[in-house]
Amino acid sequence: MRESVSLELVPALLQAGAVVHVYDPGITAHGKALLPKTVIWHDTMEAPLPGADALVTVTEWSVFKTLDLNQAASVMRTKCL
């Protein structure tokens, strides 16, 4: 997490007025503490999708390769993947 793109991206999105929901399968308490407290954390990668305007993946975790993008888009408000 020390060199993660999310450490720059998430604060920038928040500053621009976004509500940021995050799923990270390998996150630790220390990692969570590195991001602003306004981030909304989820236990599954599908949980933040309903009603979302965008899906941004900034990781190489292989679990994200299993995400069905058509299914994800079907529950999102805006289909920005």
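Quick notes on this structure:
- Where Asp43, Asp68 fall by accessible area, highest first, once all protein chains stay in place (1.4 Å): Asp43, Asp68
- Under 5 Å from the amide H of Val20 lie the amide H atoms of Ile40, each residue being 5 or more positions distant or on a separate chain, with H modelled from the backbone and absent for Pro and chain starts.
- The relative contact order of the chain comes to 26 percent, based on Cα pairs under 8 Å that sit 6 or more residues apart.
- Solvent exposure of Trp41, expressed as accessible area, is near 70 Å², computed with a probe of 1.4 Å over the protein chains only.
- Listed residues Leu14, Leu34, Leu81 arranged by accessible area, highest first, probe 1.4 Å: Leu81, Leu34, Leu14
- Placed amide H near Met76: partners under 5 Å, 5+ positions off or other chain: Gly51
- Whole-percent P(r), the chain, all Cα pairs, 5 Å bins from 0: 3, 13, 27, 27, 20, 9, 1.
- Among Val20, Val58, Val39: highest mean-square fluctuation, GNM of the chain, C-alpha pairs under 10 Å: Val58
- The long axis of helix 6-15 is offset from the longest Cα principal axis of the chain by roughly 80 degrees.
- Fully extended contour minus Cα-Cα distance, from Glu8 to Ala29, at 0.36 nm per residue: 5.7 nm
The values are calculated or read from the model by the stated rules, or taken from the named source; none is laboratory data. Note that the structure is predicted; figures quoted are calculated from it, not measured. Remember, those area values only see protein heavy atoms, side chains included, never the ligands or the DNA or RNA. Shrake-Rupley method; radii C 1.70, N 1.55, O 1.52, S 1.80 Å.
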